[in-house]
1. Please go through segment 163-193 and pick out each residue that is of a type outside the set (A, V, I, L, M), in contact with a strand residue (DSSP E or B) (Cβ under 8 Å, 6 or more places away or on another chain) and open to solvent by less than 30 Å² (accessible area, probe 1.4 Å).
2. Working carefully through the options Ala30, Ala129, Ala57, Ala104, find the one that is open to solvent by less than 70 Å² (accessible area, probe 1.4 Å), among the aliphatic types (A, V, I, L, M) and in contact with a His (Cβ under 8 Å, 6 or more places away or on another chain).
3. With the requirement that a residue be part of a strand (DSSP E or B), open to solvent by 10 Å² or more (accessible area, probe 1.4 Å) and charged (D, E, K, R), what does segment 3-27 give you?
4. Which condition number in (1) closer than 17 Å to Ile185 by Cβ; (2) modelled with pLDDT of 95 or more is the one that Ala106 fails?
5. Based on what the data block shows, is Gly20 modelled with pLDDT under 95 and in contact with a helix residue (DSSP H, G or I) (Cβ under 7 Å, 6 or more places away or on another chain)?
6. Which residues, counting only those in segment 72-97, are under 14 Å from Ile28 (Cα atoms) and open to solvent by 10 Å² or more (accessible area, probe 1.4 Å)?
7. So is Asn41 outside any loop (DSSP other than H, G, I, E, B), open to solvent by 30 Å² or more (accessible area, probe 1.4 Å), in contact with a Gly (Cβ under 7 Å, 6 or more places away or on another chain) and touching a residue at least 12 places away in the same chain (Cβ under 8 Å) or not?
8. Can you work out which of the residues in segment 143-193 that are among the small types (Gly, Ala, Ser) and outside any helix (DSSP H, G or I) is farthest from the chain's Cα centre (by Cα)?
Amino acid sequence: MDYIIFDLEWSRNIRKVIPGCPDEIIQIGAVKYDKNKGSFNRFIKPTIYDKVDNRVAKITGITKEHLLHFGIPFMQAFREFKSFMGRDFVLMSWGPQDVQILRANAQYYNKSINLNFMHRFSDLQRYAAHQLKTDEKQQMGLKTAADLLQIAYDEETLHDAHVDAEISGKVFAKVFDKKSFEETIRNAAEAPK
């Protein structure tokens, strides 16, 4: 079994939010651990919103021009991401929001899409907080977890989906305990009620 840690960057138009897909994914980054190792990084051409939110561009460094030049259509990136994951894996992200946004974007482009690949998901942020014995009610930032575990990172590259996935993967590798981790796996294929 593989462990897939992914991260997303997304944008929105706060003046004109599209129902069903308020956040448009502009980057998918991921790393794969265990039987297979690998990494994944795709930029996505915006089609839902006509520009990248100024605050998002400032934090991530991702501009509409960058996405138009280096990006690919969402469904192509989504298919490539699913292929990268393989068949036997647990999907993880730093918090539950990324998997919700991935689900919303996939369903926006294809209402009848099969999301079974999300049936084994774990909130890595919550798991790491539990393993590090921090206050689980207080959200622990990725940077805080990296600092606690003495994982080196370049502050200027944070908020890049691929970089954040790599750092999340290093956190996972340091806190992983098979038995306690398996208790955190849930089905994220359907939206929580």
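1. Asp164, Ser168, Gly169, Phe172, Phe181 - these are the residues of segment 163-193 that are of a type outside the set (A, V, I, L, M), in contact with a strand residue (DSSP E or B) (Cβ under 8 Å, 6 or more places away or on another chain) and open to solvent by less than 30 Å² (accessible area, probe 1.4 Å).
2. That would be Ala30, the only listed residue that is open to solvent by less than 70 Å² (accessible area, probe 1.4 Å), among the aliphatic types (A, V, I, L, M) and in contact with a His (Cβ under 8 Å, 6 or more places away or on another chain).
3. Residues satisfying the conditions are Asp7, Glu9.
4. The one condition Ala106 does not meet is (1).
5. Details: modelled with pLDDT under 95: yes; in contact with a helix residue (DSSP H, G or I) (Cβ under 7 Å, 6 or more places away or on another chain): yes.
Answer is yes for this residue.
6. First, pick out the residues of segment 72-97 that are under 14 Å from Ile28 (Cα atoms): 72-85, 91-94, 97.
If the condition is that a residue be under 14 Å from Ile28 (Cα atoms) and open to solvent by 10 Å² or more (accessible area, probe 1.4 Å), then Ile72, Pro73, Met75, Gln76, Arg79, Glu80, Lys82, Ser83, Phe84, Trp94, Gln97 are the ones that fit.
7. On the way: outside any loop (DSSP other than H, G, I, E, B): yes; open to solvent by 30 Å² or more (accessible area, probe 1.4 Å): yes; in contact with a Gly (Cβ under 7 Å, 6 or more places away or on another chain): yes; touching a residue at least 12 places away in the same chain (Cβ under 8 Å): yes.
Answer is yes for this residue.
8. Looking only at segment 143-193, we keep the residues that are among the small types (Gly, Ala, Ser), and these are 145-146, 152, 161, 165, 168-169, 173, 180, 188-189, 191.
When the remaining residues are screened for being outside any helix (DSSP H, G or I), the result is 152, 188-189, 191.
Details: Ala152: 20, Ala188: 13, Ala189: 15, Ala191: 16 Å.
Here the residue is Ala152.
The values are calculated or read from the model by the stated rules, or taken from the named source; none is laboratory data. On a predicted model such as this, the values are computed, not experimentally measured, just so you know. Neighbour counts are summed over all protein chains in view; Cβ atoms, including those assigned to glycine, are modelled from backbone coordinates with ideal geometry. The area values use the complete protein model at the heavy-atom level, side chains included, leaving out ligands, DNA and RNA. Shrake-Rupley method; radii C 1.70, N 1.55, O 1.52, S 1.80 Å.
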